[in-house]
């Protein structure tokens, strides 16, 4: 009798489990975002220091989400990056040596908005320009 009750309980459980409708689609949580790495290069172009995309020397504005990472590759001089809000990356300034790179994650606590920042070229004592000045747009 005990075996019969166990068997019937298991059979009922399987029937309930497999008889419920299986959804054919599912909703994507729009709050989920897979982090992206945005790349920039700091280099001299026609005697002018610029912050540009690796594959487009006319663009420098980054549109990023919180959690994305931004990487700067530096060619020709050590640089200092200066940001208006330390909440963007956890600090207001960062240094990158010549020939090196630095990747910074956009903090989840960063405020949405447009951030103009400065890239100081140490060898020449000037500021690089991007799309005049370089900007990061957080959404």
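For the stretch 122-139, the condition holds for no residue, the condition being that it is part of a strand (DSSP E or B), without any contact (Cβ under 8 Å) to a residue 60 or more places away in the chain and surrounded by 14 or more Cβ atoms within 10 Å (Cβ to Cβ). Looking across the stretch 46-83, the residues that are free of Cβ contacts under 8 Å to residues at least 60 places away in the same chain, over 16 Å from residue 125 (Cα atoms) and not in a loop (DSSP other than H, G, I, E, B) come down to 53, 56, 69, 71, 72, 73.
Per-residue answers, yes or no, for (1) over 22 Å from residue 66 (Cβ atoms); (2) at pLDDT 95 or above; (3) in contact with a strand residue (DSSP E or B) (Cβ under 7 Å, 6 or more places away or on another chain):
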| position | (1), (2), (3) |
| --- | --- |
| 91 | no, yes, no |
| 106 | no, yes, yes |
| 109 | no, no, no |
| 113 | no, yes, yes |
| 122 | yes, yes, yes |
| 127 | yes, yes, yes |
| 130 | no, no, yes |
| 136 | no, yes, yes |
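Please tell me if residue 115 is crowded, with 16+ Cβ neighbours inside 10 Å and either under 21 Å from residue 37 (Cβ atoms) or without any contact (Cβ under 8 Å) to a residue 12 or more places away in the chain (or both). Taking the combined requirement at face value, the residue satisfies it.
The values are calculated or read from the model by the stated rules, or taken from the named source; none is laboratory data. Please read these numbers as outputs of a predicted model, since none were measured by experiment. Note that each Cβ is placed from the backbone with ideal geometry, even for glycine, and that neighbours are counted across all protein chains shown.
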